[in-house]
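Asks: What follows is a structure written as structure tokens; I'll ask about it next.
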Amino acid sequence: MEDTLQTLDDLISQFLSLDRPLWSSSDADAFLEAVDELTSTIHGLENTSEDHVLLESFDLLLKSCSMRLKDEFQRLIATSRFDDNHGDHNIKKSQDEDDSHTFVAFPIRDFDIIVDALPAGVATQANRIARRMIAAGFGDICVETYASARRNFIDESIARLGVHAHMAERLKSASWEELETQIMRWIPAIRVVFHISIPSERHLCNCIFGGFTSYSDLAFATACMPFLQLLSFANFAAAAGQNPESLFRIVDMYDALTDILPVVDEAFHHEITALRECLGLSIKGIFVALEKLIRRDSSESAPADGGVHPITRYVMNYLMAACASRHTLEEVMNLEFGCAETSLINPDRPTSSLAARFAWIVDVLIENLESKSRIYGHVPLVCVFLINNGTYIIKKVNACELKVLLSEDWTRVIPAKVHQWVSEYRRATWGRAIMILERDRRSGSSSSIVVEKLNHFHNFVKAICQVQSRWVLVEKQQAMDLSTMVEDLVIPVYRDATEMLKATETVGASYVRPEDVKLQIQQLFKAMAKF
């Protein structure tokens with residue numbers, strides 16, 4: 001055994017003393033044969049010999065071999081790099097930046113790609129080294145060497161997608177607008193990473209550590225840490241995006257993770273599932289934030305002309321935009337309410353949880369509007385304000401999937417409220433005009449009384465027109481309907497009054513014709529509707 005040790009030591013020392021890579025010459029095969037013989041000898045000695053000093057000498061020689069194998073292995077793995085001189089078909093430099101570091105990836109439409117990260121034959125040679133190191137008991141060092149050598153390549157491949165593995169750390173003090181820009185880069189980058197980069201990395205690990213599943217899995221997990229760090233940006237964005245405007249980007253991130261679930265490597269499945277849950281909780285929190293925003297909106301402000309309040313426009317346009325992500329929101333809300341099986345969701349039927357959430361937000365909005373209306377202190381203007389905002393809400397509901405999402409019973413609630421406000425407006429304004437014409441009817445119908453009533457009526461209508469022509473009705477059809485309603489209410493009573501004056505046969509009695517009163521009413525509502 002001492003002679004064998006000496007012979008192997010002399011042979012192996014020739015290779016260890018070389019100051020050039022063994023895999024750049026014909027020495028590699030001979031060196032591996034020597035390592036195999038050394039390993040086989042040690043295994044035989046471990047079973048038959050109790051000479052610990054001799055075993056230790058063999059082990060030291062094997063360790064020296066493994067360290068040289070480690071260096072050769074690292075050199076082989078490091079041959080995977082981007083060649084900027086030959087990458088024109090896949091990558092272009094940004095014209096907006098300097099020539100040194102910034103790249104922009106062309107859109108990828110075919111995700112069924114496995115990238116060979118190492119030149120032809122290199123993975124095979126690396127596998128030969130890995131098998132020897134594992135057999136020698138240095139598998140963990142081989143894995144660490146692999147992961148370290150691959151890390152730079154993976155970091156650069158991530159950077160070339162326009163993102164960075166440590167995005168969360170770099171953007172701690174960024175505004176939401178800056179985060180939004182990064183999210184729009186992160187989403188396509190994640191798709192490329194999970195459809196191409198990670199499967200390619202798994203393929204490479206399987207090639208290099210073929211036959212050693214546990215080491216292959218460990219090498220893959222260790223090398224792919226930058227991908228996990230890139231994923232963690234979703235957690236950061238979910239925590240940062242707690243204002244209503246952040247909903248749409250958070251939903252985009254949730255959808256991106258949903259899209260990659262069918263292809264996600266098992267090693268990342270838990271992280272993806274946890275991130276989706278985190279983003280789902282963030283979406284729930286955003287709707288709570290929207291409700292609080294509506295409640296906090298000052299009730300001491302309202303348009304002077306009774307028009308649509310900015311909060312009404314904001315909330316209804318927000319809900320319309322949210323409807324574009326209806327199916328995702330339904331899934332999130334179902335999961336929130338304990339329904340873990342997304343397959344139970346029928347995309348053609350609204351889920352009660354999302355419908356209830358949207359209906360509640362609109363209810364909170366209407367409650368806020370009714371509170372705001374009290375600042376007017378003038379009942380007709382209160383009614384016009386509520387009619388305008390209620391009509392706007394109805395229009396928005398009917399213009400998108402809100403009409404489908406909300407139940408038929410609920411969608412009848414707002415029109416009923418608008419009808420109630422219209423009735424209050426009619427009573428508060430034109431009901432008083434009717435009372436003037438009908439007042440003291442029992443006291444007689446002399447021409448002087450009738451003329452006095454008509455004069456009082458005309459002064460009252462004139463005052464109405466002067467005041468209300470400064471108001472606004474946001475829907476032309478609503479203005480026309482109100483005009484018709486007022487005409488139907490006022491003109492018959494006014495005509496009766498003029499007929500009563502005619503009946504007195506008073507010579508020279510003059511009055512405004514009913515047709516002119518009707519025109520006056522029409523002109524008022526035209527002025528209010530600006531048509």
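Asks: Starting at the first residue of region 371-376, write each ³J(HN,Hα) from the Karplus equation 6.51 cos²θ - 1.76 cosθ + 1.60 with θ = phi - 60°, in whole Hz, x for Gly and Pro.
Replies: 5, 5, 4, 5, 6, 5
Asks: Note down the relative contact order for region 138-296 as a percent, whole number, built from C-alpha pairs under 8 angstrom at least six residues apart.
Replies: Contact order relative to length: 28 percent.
Asks: Sticking with this one: Can you compute the FRET efficiency between residue 281 and residue 428 using 1/(1 + (r/R0)^6), with r the Cβ-Cβ distance and R0 = 51 Å? Round to the nearest 0.05.
Replies: Efficiency for this residue pair is about 0.60.
Asks: Can you give the net charge of the other residues whose Cβ lies under 11 Å from the Cβ of residue 272, counting K and R as +1 and D and E as -1?
Replies: Net charge in that neighbourhood comes out at -4.
Asks: For the residue pair residue 452 and residue 522, what label-to-label distance in nm results when each label sits 7 Å from Cα along the Cα-to-beta-carbon direction?
Replies: 3.4 nm
Asks: Residue separation times 0.36 nm, minus the C-alpha to C-alpha distance between residue 75 and residue 40: what's the value? Write down the numbers at each step before the final one.
Replies: Details: separation 35, 0.36 × 35 = 12.60 nm, distance 2.61 nm.
Extra length from residue 75 to residue 40 when fully extended: 10.0 nm.
Asks: Here's a follow-up. How do 265, 481, 19 stack up against each other in accessible area, from largest to smallest, with a 1.4 angstrom probe?
Replies: 19, 481, 265
Asks: Assuming R0 = 41 Å, what is the FRET efficiency of residue 25 and residue 263, from their Cβ-Cβ distance, to the nearest 0.05? Don't skip to the answer; put the middle values down first.
Replies: On the way: r = 42 Å, r/R0 = 1.02.
Given R0 = 41 Å and the Cβ-Cβ separation, E is 0.45.
Asks: Output wanted: per-residue J couplings in Hz (rounded whole) for region 243-256, from phi through Karplus 6.51 cos²θ - 1.76 cosθ + 1.60, θ = phi - 60°, x for Gly and Pro.
Replies: Values, residue by residue: 9, x, 5, 7, 3, 5, 6, 5, 5, 4, 5, 4, 5, 4 Hz.
Asks: Suppose a student asked you for the relative contact order of region 221-317, using Cα pairs under 8 Å spaced at least 6 residues apart; what percent would you report?
Replies: 33 percent
Asks: Ok, one more. Per residue of region 460-471, what does 6.51 cos²θ - 1.76 cosθ + 1.60 with θ = phi - 60° give for ³J(HN,Hα)? Whole Hz please, x for Gly and Pro, Karplus curve as stated.
Replies: 5, 5, 4, 5, 4, 5, 4, 7, 6, 5, 8, 8
Asks: Separate question: Which order do peptides 143-151, 255-263, 362-370 fall in by mean Cβ count within 10 Å, highest first?
Replies: Order by mean packing, descending: 143-151, 362-370, 255-263.
Asks: With a point put 7 Å past each Cα toward its Cβ, work out how far residue 488 is from residue 116 in nm, to one decimal.
Replies: Modelled inter-label distance: 8.2 nm.
Asks: Follow-up question, since we're still on this one. By how many nm would the segment from residue 18 to residue 159 lengthen if fully extended, with 0.36 nm per residue of separation less the alpha-carbon distance?
Replies: Length difference between fully extended and current span is 47.0 nm.
The values are calculated or read from the model by the stated rules, or taken from the named source; none is laboratory data. Worth saying up front: this structure is predicted, and the values here are computed from it rather than measured. Heads up, the Cβs are rebuilt from the backbone with ideal geometry, glycines too, and the neighbour counts pull from every protein chain shown. Just so you know, the surface numbers come from the protein's heavy atoms only, side chains and all, with ligands and any DNA or RNA stripped out. Shrake-Rupley method; radii C 1.70, N 1.55, O 1.52, S 1.80 Å.
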